[in-house]
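This report concerns only the one structure given below.
The values are calculated or read from the model by the stated rules, or taken from the named source; none is laboratory data. Note that the coordinates shown come from a computational prediction; the quantities given were computed from them, not determined experimentally. All Cβ positions, even for glycine, are placed from backbone atoms using ideal geometry, and neighbour counts span all protein chains on display.
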Amino acid sequence: MLDFQNNTLNINDLPRFETVEGHPVASVYLKVLRVLYVFWFVVLMGAFIALYLKVNILALIFYPLVGVSVISYSLLIVEIEKGFGLRRFGIREKDIIFQKGFFVFKETIVPYKRIQHVEVRQNIIFKAFKLFTLKVYTAGSSSGDLSINGLSQAGADKIKAQILKVAAIDED
């Protein structure tokens with residue numbers, strides 16, 4: 001029979017991920033986010049106006065709907081503006097860390113040995129601003145476990161190379 005042990009670890013002996021030096025995403029990414037939320041706000045308000053003029057919705061429904069939408073959108077803008085400085089990624093020997101969020105703070109740590117696939121993407125908007133997205137996939141996830149938007153091409157390529165280098169070492 002196999003000798004199974006599951007020893008208790010002292011929580012003070014565990015490594016501290018908070019001590020990782022975080023690198024910010026490119027500041028031009030904030031401009032992209034601003035362009036996107038202004039665009040979608042104009043589309044949303046245009047849809048509300050078209051709906052009001054064409055369907056002739058009652059004011060009792062229309063104005064509260066617009067009010068809730070504007071308040072929700074305002075909270076989204078605060079989340080983006082205030083949370084942008086908190087968008088950071090860190091590279092360690094055995095994992096990659098990404099933090100983001102203001103109202104809802106999210107921290108994702110992905111160990112290199114769990115990574116199945118890494119890709120660097122650039123959509124049409126990012127192409128105009130010369131930005132890239134690094135997407136990391138692990139087993140069992142089709143949408144990607146970690147996505148870092150707003151990287152320069154050099155930064156995204158460096159991170160991808162580091163992940164592939166460590167993954168190749170782990171396979172040996």
Qualifying residues in segment 116-132 (those that are touching a Phe, Trp or Tyr at 6+ places or on another chain (Cβ under 7 Å) and assigned to a strand (DSSP E or B)) - the one nearest to His23 (Cα to Cα): Phe132
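In this structure, does Ile71 turn out to be within 30 Å of Val42 (Cα to Cα), modelled with pLDDT under 90 and either not aliphatic (A, V, I, L, M) or not in a strand (DSSP E or B) (or both)? First the steps, then the outcome.
Working: within 30 Å of Val42 (Cα to Cα): yes; modelled with pLDDT under 90: no; either not aliphatic (A, V, I, L, M) or not in a strand (DSSP E or B) (or both): yes.
No: the conditions fail for Ile71.
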Count - residues of segment 67-111 that are among the aromatic types (Phe, Trp, Tyr) and touching a residue at least 40 places away in the same chain (Cβ under 8 Å): 3
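Looking only at residues in segment 81-115 that are in a helix (DSSP H, G or I) and surrounded by fewer than 17 Cβ atoms within 10 Å (Cβ to Cβ), which one is farthest from the chain's Cα centre (by Cα)? So that I can check it myself, show each step before the final result.
Narrowing segment 81-115 to residues in a helix (DSSP H, G or I): 81-86, 112-114.
Add one more test, that the residue is surrounded by fewer than 17 Cβ atoms within 10 Å (Cβ to Cβ), and what stays is 81-82, 85-86, 113-114.
Numbers: Glu81: 14, Lys82: 15, Gly85: 13, Leu86: 11, Lys113: 21, Arg114: 19 Å.
Looking at residues that are in a helix (DSSP H, G or I) and surrounded by fewer than 17 Cβ atoms within 10 Å (Cβ to Cβ), I get Lys113.
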